[in-house]
1. Roughly how many percent of the accessible protein surface of region 249-355 is carbon and sulfur, given a 1.4 Å probe and a whole-percent answer?
2. Got a sec? What order do Val260, Val344 fall in by accessible area at 1.4 Å, biggest, i.e. largest, first?
3. Probe of 1.4 angstrom, ligands and nucleic acids ignored: what's the accessible area per residue over region 46-170, in square angstrom?
4. Label region 52-166 by shape, choosing from rounded, prolate and oblate, from the square roots a ≥ b ≥ c of the eigenvalues of the Cα gyration tensor; if a/c is under 1.5 it is rounded, and otherwise prolate applies when a/b is larger than b/c, oblate when it is not.
5. Could you order Met89, Met486 so the one with the most accessible surface comes first? Probe is 1.4 Å.
6. Of Lys383/Lys477; Lys184/Lys229; Lys74/Lys383; Lys312/Lys383, which pairs sit farther than 23 Å apart, going by alpha carbon to alpha carbon?
7. So which trypsin sites (Lys or Arg not before Pro) in region 365-401 are both in a DSSP loop and have at most 10 other Cβ atoms within 10 Å of their Cβ?
8. On a C-alpha basis, how far is the centre of region 34-76 from the centre of region 212-249 in Å? Whole number, if you could?
Amino acid sequence: MTPVVTAPAIVLAPLELSSLQLETYLTGYWSADQWDLGESPLLPPGKVLGHIFIAFDLSSKTLATELKYACWRKFSEGRWSPLAARSAMSRVRAVIRFIKQECPDTQSLLERDLAEWLSQFRAYLEREGVLRDDTIAYIDQTQNIRHYLNADSRLSTLSAIYRTVLEAHDLRPEYERDVWDVRKMGATLSPADQSYRLDFTQISQVWLRQTVKRYLRYRLAIQSLSNAKWTLLIMNEFSAFLAQRPQDTRPADVNRTLIVEYIAYLASKRPTPNARLQALTQLRLFLETCAREGWADFPEKRLIFDEDLPRKIKALPRPIPEDVLDQLNRHLPSLSEPYHTMLVVLQECGMRLSELCALQLDCLTQDQDGDWFLRYFQWKMKKEHVIPITHDLAAIIQIQQQAVQAKWGAPCAILFPNERGRPLAKYRVTQTLNRFAVEKDIRDATGHLFRFKAHAFRHTVATRMLRSGVKQHHVQKYLGHESPEMTLVYAQITDQDLKKAFQEYRALAVDITGKMVITDQLKVDSADLQWFKKNIMAQALPHGFCALPAIAEPCPVPNACLTCANFRTNASFLGVLRAELAATETLIHTAQANNWTRQVEMNDRVAVNLHKIIDSLEISCPGIPSHP
C-alpha cells in the first residue's frame, strides 16, 4: 500500500543567512540605503522624472535589506514602472513610517504572519486618519455595473513586499510549495497572461493535495498551462466533495461506490453536460495515471466508464451579429487609444486576445510588391504566424508604433503597452470594451445590452470568410489552425443558411406529369424570380407558373393549364392544388350524375394530373406545410 504523504514543513533559511543571500542581488544603484528614482537605471533613455528619493533608514539591517530586495524585484520584473515610481515610492514610504513608529524593534518581516501585519497597518492608517479604501466599478457577465470595495493600496503594497520576501526565504523546490510560480517550472505563457500561479491551498486533504501536485508537475511538461488550471479547478471541486462526506476518505476508499456518489454530486454543481463531461474525463485521467505510476493507492481498474460521460453538446460558432458590429463601429472613433486600434485589428485579423495583447512593436513586414503582412506569435499553437493585411490597417498600426516610440523609446517592444510598459492584460481589454458597449447602449436584435467576448471576433472573421466563398484550407491557413477539423467548427449551417436552402428546396418545380423540373429562375423571394415573373412569363398563375415565354405565340390552351405541358408548380402551391383537386372531383361527380360526358372527360384529365402533381410534391417535400 502506498504510504500516506504528509505536507512538508516550510524550510526557511536563518534570517542572517537570508539577509546575506538577498544582499547579493542588490548591486550598484540598488545596494544604496537611499535611492533617487529619478536616476534609476531602468528609466527609458531620454526620460526625466526629477528627484524621487526614498530612504531605507530602519534600525534593522536585515529588515532594510528585505524591503530593498522586494522593491528591486518589483521594478526589475516590470511589476512597478519606473515612470510611475513616484506613486510606488509614496506607498513604500508609508510602510517604512509605519514600521518605524509602530514596530521599531522588528528585525524581519517574517517575525509575524501577513494577516497580523495587515491588521496592525490598517489600524495605524485609520488612527492617523489617512485610510483610503475605494470602490471599484466593473461590468459583470450580464452587462450590469457592479462595485466592490478595494482596500487601501498601501495595504496591498505591504502584502506584495511580504510575499516577495517570504518567497525568497522559502528554500523548498517550487514543486513542493503549495503555490507554484509556473514560470520557474518551464511553463510557456503569453506575456498578456497575468495569471502564472497554481494555488493548491483549496485542496483540504493533505494526501490529495500532494498527489495532485505530483500529477500536475508531470502534466505541465506535456500540456498547456490553461489545461493545468482547469485540472486544478476540477480537483478543488473533488476535494470539496470529499470534505462534505461524513467519514474521512483515504486513497483506498476511492471506489466505484464513491464515484457514483460524485456523479450525483456533479449534477447539482455542474448543470451543463459539457461541464460534467470535462470534470469526469479529467478525474478519470487523474485516477488512472496516479494508479499506474503508483502515486496513490487508487484501484488499478477503471472507475469511470464511458456510459457515465454525458454526451458532448457541440457548440455552434457565435459570430457577432452584423447589426451589433454596425453599432460598435459607428461609435468606435470615440473609444480611447489603444483600445480603438486594438478593436480595428481584432475585427480584420480575428486573432486571439492573448495574441493581440502580446503583439510586438515590430509586427509589420512588407514583401517586394509593397504589400503588408502582420507577424505575431500564436501562444496556443506555440508558433509564429504571418497573415496578409490591408494597407489601411498597416497605416493604423504604424500610427500606434509611432505613439509607443514617442512615449517609451527603444526599451518598449510591445505594440499595446500598459502604464508599466508591459502587455495590456486581457481582462482590461474586455472590461473596457463592455463598459464602452454599456455607455453607447449597444443592443442586440432582442433589445438586450450586448456583451462582447473577444473570441467572437475570431468567429466573425472565420464565418465571413467561409460565407464569402474563401476555400476552407485558405481559412485554415489564415487562422493558423493545425488541422481542417479546427476550421470546420466555423463551417456550420446557420439558421439563415438553412432558410435559404429550404426556400430553394420548396421552389423545385414539377410539370403536369409530376416530373421534377430544375429551373434556376424559380427561387423564392429572389430578384431573379420577380424579374422573371414580370418580363418573361406570360402569366403568374394562382396554382403555379407558365413556362411559355411571353415572346412566344399566344397560349394554345387558354384556361387549361393543368393539361398543358408548359405548366410548372412547386410545393408552395400544395394548398391551392389540393383545394382545386377537391373542387374538380366535385365537378366530376356532378357531371356524372347529369350524364355530361364531355365535362367528365375534360375534368378527369385535370384530376389525373392533379393527383400526379400532388403525389410527386408530397413525396419530394415530406412534411412541408402548404398555404392556399
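The values are calculated or read from the model by the stated rules, or taken from the named source; none is laboratory data. Being a predicted model, the structure only gives us computed values, none of them experimental. We place every Cβ from the backbone using ideal geometry, glycine too, and count neighbours over all the protein chains shown. Each accessible area value is taken on the protein alone, full model and side chains, heavy atoms only, with ligands, DNA and RNA left out. Shrake-Rupley method; radii C 1.70, N 1.55, O 1.52, S 1.80 Å.
1. Heavy-atom surface of region 249-355 belonging to carbon and sulfur, 1.4 Å probe: 53 percent.
2. On the way: Val260 75, Val344 35 Å².
Highest to lowest solvent-accessible surface, that is Val260, Val344.
3. 48
4. Numbers: a/c = 2.02, a/b = 1.53, b/c = 1.32.
Prolate.
5. Values: Met89 0, Met486 55 Å².
In descending accessible area the options line up as Met486, Met89.
6. Table pairs above 23 Å Cα-Cα are Lys74/Lys383; Lys312/Lys383.
7. Numbers: sites: Arg375, Lys380, Lys382, Lys383; in loops: Lys380, Lys382.
In loop regions of region 365-401 (DSSP not H, G, I, E or B), the sparsely surrounded trypsin sites (Lys or Arg not before Pro) are Lys382.
8. Centre-to-centre distance over Cα atoms comes out at 40 Å.
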